[in-house]
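Reviewing the structure listed below.
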Amino acid sequence: MTTDITLIGFGEAGSMFAAAGDWRARACAYDRDPARGDVMAQLGVTRSGALSDAVRGGALVVSLVTADQALIVARDVAALLPVGAIFCDMNSVAPQTKQAAAALVEAAGGHYVDVAVMAPVDPAGVDVPLLLSGAQAGQAEARLRALGFGKTRVVGADVGRASSIKMIRSVMVKGIEALTAECVLAAEAANVLDEVLASLDASEKAKPWSARADYNLDRMLVHGTRRAAEMEEVVKTLDGLGTGAAMTCGTVVRQAAIGALGVKTPPDGLSGKIGVISSDGIPANAVITEFFGRA
């Protein structure tokens, strides 16, 4: 069965895109977690029981998996992809990882497009900004726009350019989250949290730091493990540039340590989140040993 879009991975991003775009039978999806078949059924998306079935009729295949699976999926899809089909890699990985994936897909006769998702999918859905790069980026953009994506932009013909923008931006975005945790946990322990937050408010007016700190800790508690994997890809990006990644390595450790606490539903409010992290304790030494043992 030929569909307008084939989704490999049907987690938060895939399901939100399908719902927001009202794709229904225009889309088919494959996910190795059988429990996600229920969500596909609710949204009217055709479920494929095998990767080969999903890819066989796919003129536009979109990969939305975890960072550590991105290259593996590209390798597996390359062997199945119809000649001339477009493979959009929307995963948060280093440009080097995308270039390696592109080599596999292009060698098999497919067209690889590097797509960077530049904001949280929730709640944006298909209004999330997308950057595209690659020789067929223009063709991919047209197909994505036809599916409802309204904020797409081609940034070049070279695979890796879009992901470079996202990865290097993440040095700041996810780095600030990690620094926030370090700051507010220390401030709470020293009983000076209110004073520290007030001082930060005085120097930056865009958003109260109490709200920003609350948001950042929430993201780390819920998504720290995934974000740590993404930030390892940022380390690869910076290492490839030769500019150094000392702070980014630290961000990997802090994101992984807080994510390892396994808090799926953080409590409301900054104090509640600090309490959860402080009471559970952060397995920092184990995370540091694991990360630098692999780095």
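Any read-out appearing in this document is the output of simple, stated calculations on the displayed coordinates, not a laboratory observation. Only a predicted model underlies this, so the values are computations on that prediction, with no experimental measurement involved. We place every Cβ from the backbone using ideal geometry, glycine too, and count neighbours over all the protein chains shown.
Max-minus-min Cα coordinates of the chain on each principal axis give 62, 44, 36 Å, with the largest extent listed first. Quick check: net charge around LEU130, other residues with Cβ under 15 Å of its Cβ, Lys/Arg +1 and Asp/Glu -1? Its environment carries a net charge of +4.
Taking the inverse of the average 1/r across all pairs of different Cα atoms in region 1-43, what Kirkwood radius in Å do you get? Value: 10.2 Å, from the Cα pair sum. Scanning residues 5 or more positions from THR66 or on other chains, none has an amide H under 5 Å from its amide H, with H placed 1.01 Å from N in the peptide plane. The amide H of LYS151, built 1.01 Å from its N in the peptide plane, has LEU130 as neighbours under 5 Å, considering only residues 5 or more places off or on other chains. Largest GNM mean-square fluctuation among ALA74, ALA54, ALA213, using the chain with Cα springs under 10 Å: ALA213. Loop-located trypsin sites (Lys or Arg not before Pro) across region 149-221 with a Cβ neighbour count of 16 or fewer within 10 Å are LYS151, LYS205, with loop assigned by DSSP. Let me make sure I get this right: for region 78-199, a, b and c are the square roots of the gyration tensor eigenvalues over alpha carbons, sorted descending. Under 1.5 in a/c it's rounded, otherwise prolate if a/b > b/c, else oblate. Which is it? The shape class here is prolate. Say R0 is 22 Å: what FRET efficiency, to the nearest 0.05, do GLU195 and SER278 get from their beta-carbon distance? The value I calculate is 0.75. Express in whole angstrom the spacing between the alpha-carbon centres of region 203-254 and region 9-26. A separation of 27 Å, based on Cα centres. Packing order of peptides 222-235, 130-143, highest average first: 222-235, 130-143 (average count of other Cβ atoms within 10 Å over each peptide's residues).
Which helices pass in the chain if a helix is a full DSSP H run, must span at least 24 angstrom along its long axis by Cα, and must have mean Kyte-Doolittle hydropathy not below 0.0? Helix filter hits for the chain: 161-189.
Rounded to the nearest 20, the Cβ-based charge dipole of the chain about its Cα centre (Lys and Arg +1, Asp and Glu -1) stands at 700 debye. The helix-only estimate of mean residue ellipticity at 222 nm for the chain, built from DSSP H runs of length n ≥ 4 each weighted as -39500 (n - 2.57), is -18000 deg cm²/dmol after division by the residue total.
Simple rule: put +1 on each Lys or Arg Cβ and -1 on each Asp or Glu Cβ in region 82-211, find the dipole, and look at VAL173, VAL159, VAL192; the Cα lying farthest toward the positive end is VAL159.
The alpha carbon centroids of region 121-146 and region 30-85 are separated by 18 Å.
All other residues whose Cβ lies under 12 angstrom from that of GLN42 are scored, Lys and Arg at +1 and Asp and Glu at -1, for a net of +2.
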